[in-house]
Structure formats: C-alpha cells, structure tokens
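Some notes on the structure that comes next.
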Amino acid sequence: MKFLVFGSLNIDLIFSVDHIVAPGETINSDALERSAGGKGANQATALAKAGMEVYMAGKIGTDGEFILGLLESYGVRTGHVLRWGGATGQAIIQVDKGGQNSIILYEGGNGALMNGEAAPIMSAFGPGDMVLLQNEIPLTAELMRTAAARGITVCLNPSPFDQRIGGLPLELADLLFVNEIEAEALTGCSGSAGPASILEELVFRFPRAEIILTAGRGGAYYAHGDLRAREDSVDVPVVDTIGAGDTFTGFFLAARQRGCDVAEALRLGCKAASITVSRRGAMASMPFAGEVF
Ligand code: RIB
C-alpha cells in the first residue's frame, strides 16, 4: 500500500513576533527562519516519519531543491515532483508569543501545475493505494476524479478554505479532514453550535466519507455511519502551531494503516500533533514513529 501526496511545496519564512501585525502597523520580529513547508510536503513528511511508504507530487522552482533533499532525508520519494522556471511557493508566517500563527501564501510552482500533469503520475497508483490532497494546488478536483476512477482511496484536507473548495467534488472524498473553520464553512453552521453538532451536519452532507474534525485545544472528533469517537488534545507548552494539523493527518492515517481502531488513531494523531506544537518549525518539529507508536 502506497500513499501519494499530491500538493504544495513551500518555502516558509517564519517571523517570530510579539503579536500578529495589525492593519497599518509595522513591527519588528525577534527571529526569522527559512524552512521547508507547504501542506502537501508537510503531510508527506508526517506520513514518512510515521513509517509509511510515501510519494510526493507537486511543482517547485530552482529555489526549492533543498525541500526535496529534506523530504528525502525523511524517506519521502520525490521522483514525481515537477520543475518550472519560476519561483517555488512561498509562505510568510508570523508566529506570536503564544505560538499562534498567521500565514500569507504566494502560490509559485504550486499554482503552475497544469491540467494533464496529474494523470501520468496517478497511473503509477491503483486500488489499495491512498491519495492525500489539500487545497494549495489548482488540480485537486481533477486529482479527486482521477483517483476515484482508478479505485484509489481519496483523503481530502480542504485547507486553506477558499472559493476553490466550491469546485471540488467533495462527494468523492473517502476521508475528509477538516478543522473548525473549514467545518463551519462547509456546513454553514456557526461555531457556537459546537464541534459535536457541526460534526453531525458534516455526516448528513457527506454520508459516505469518514469525517475527522480537529478542534485545536478541543481535541479531535471522528464520525462515520453510526460510529463516533472523540479524543482530548494533549496539554503541552505551545512553541508554535505550524504543521500541527498536518502532523495529526499523517499520524492518524498511519495509525489506521498500522491496524489501530479510530479511537486509538485519534489518540495517536493528537499525541503526534502535541509533540509538533512543542517544538519550532513545520517538518523538523514533527515526531518520528518511535516517539508516538
Ligand atoms: O500547514 C502549515 C503550512 O501551511 C506551512 O508550512 C505553509 O507553507 C502553509 O502551506
């Protein structure tokens, strides 16, 4: 069984700040770090660090070669990553004193992926394999249709949530990973309804998908058919939250693949994410399998 993560690769510029900058304000940062990121590359890393066989597909410019070196060091196969003459995707990230972040994306190579580039890569995967997709590249809808037609399990994390989500064939998702903001946007429910009832609305709208709802400090929820599970988050000092959701997704999927039931997979996903938030950075802060399983 192979995982294909077809998604974004970014250069993250992480500014450590006192507070997230306000409109019209100029502030100094305490530190600047340049590292590898992108929700696609982060989730591929989480799966690989969790011991899975993972293939990354996406597009970078010449400034992004170091990302591939890092992915390979974690065991991610990068032979399906395409090149172009422009820049690699960039993320300007502010991390405040409490570890919360805000992100501005420049899509670069992620946005330069073209129709027709997905099919040849997908042809290397088939029934029994899983594709893990996010919303930082323009091919997600095409990838969902191609994967479903080939009998590949479709795992979708529709993040970040923007107008492109409306064009996705969400009914093709076998597993749907959403945070509270994405869940509210998908259902039209207000956050005041609470995660448990928003979860029920997701089940109603996407009855064939396994739904995994992450609620930050509120833990994680699972629903499919009549099955429900919930796990508290692990209370640790937060250094920065970058990549926490990506870590949860990778370790939840890896735990299921290793034969864990959903309650145990939620627990292990939360444990892995708690390790990520207690360290600085995205990929580098993610735990290895031995720290979680
Ligand atoms: O999920 C975290 C990631 O979101 C960062 O690494 C950044 O690149 C953005 O894609």
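Every number here is computed from the coordinates shown, using simple stated rules; none is lab data. If you're wondering where the values come from, they're calculated on a predicted model, not measured in any experiment. Cβ coordinates were reconstructed from backbone atoms using ideal geometry, including for glycine residues, and neighbour counts include every protein chain displayed.
Here are the numbers:
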{"read-out": "5 angstrom amide H check on Leu82, placed H, neighbours 5+ away", "value": "Gly58, Lys59, Ile60"}
{"read-out": "Shape category assigned to the chain from the gyration tensor of Cα positions, a/c cut at 1.5", "value": "rounded"}
{"read-out": "Residues with amide H under 5 Å from that of Asn10, placed H, sequence gap 5 or more", "value": "Gly37, Gly38, Ala41"}
{"read-out": "The range 126-180: translational diffusion in µm²/s, Stokes-Einstein, Kirkwood Rh over Cα pairs, 4 °C, 1.567 mPa s", "value": "117"}
{"read-out": "Candidates Ala87, Ala124, Ala254: whichever shows maximal mean-square fluctuation once the chain is modelled as a Gaussian network with Cα springs under 10 Å", "value": "Ala124"}
{"read-out": "Exposure proxy order (Cβ contacts within 10 Å, fewest to most) of Arg217, Arg83", "value": "Arg217, Arg83"}
{"read-out": "Electrostatic dipole magnitude of the chain [Cβ: Lys, Arg +1; Asp, Glu -1; Cα centre; debye, to 20]", "value": "620"}
{"read-out": "Rg(Cα)/(2.2 N^0.38 Å) for the range 218-287, N = residue count", "value": "1.08"}
{"read-out": "Most to least packed among 135-144, 239-248 [average Cβ atoms within 10 Å]", "value": "239-248, 135-144"}
{"read-out": "Quotient of Cα Rg and 2.2 N^0.38 Å for the range 52-98, N being how many residues it contains", "value": "1.37"}
{"read-out": "Packing-based exposure ordering (other Cβ within 10 Å, fewest first) of Met52, Met283", "value": "Met52, Met283"}
{"read-out": "Residue-averaged [θ]222 nm for the chain, counting only DSSP H segments that reach four residues, each worth -39500 (n - 2.57)", "value": "-9000 deg cm²/dmol"}
{"read-out": "More than 26 angstrom apart: percent of Cα pairs within the range 1-156", "value": "30"}
{"read-out": "Alpha-carbon centroids, the range 156-212 and the range 239-293: separation in whole Å", "value": "21"}
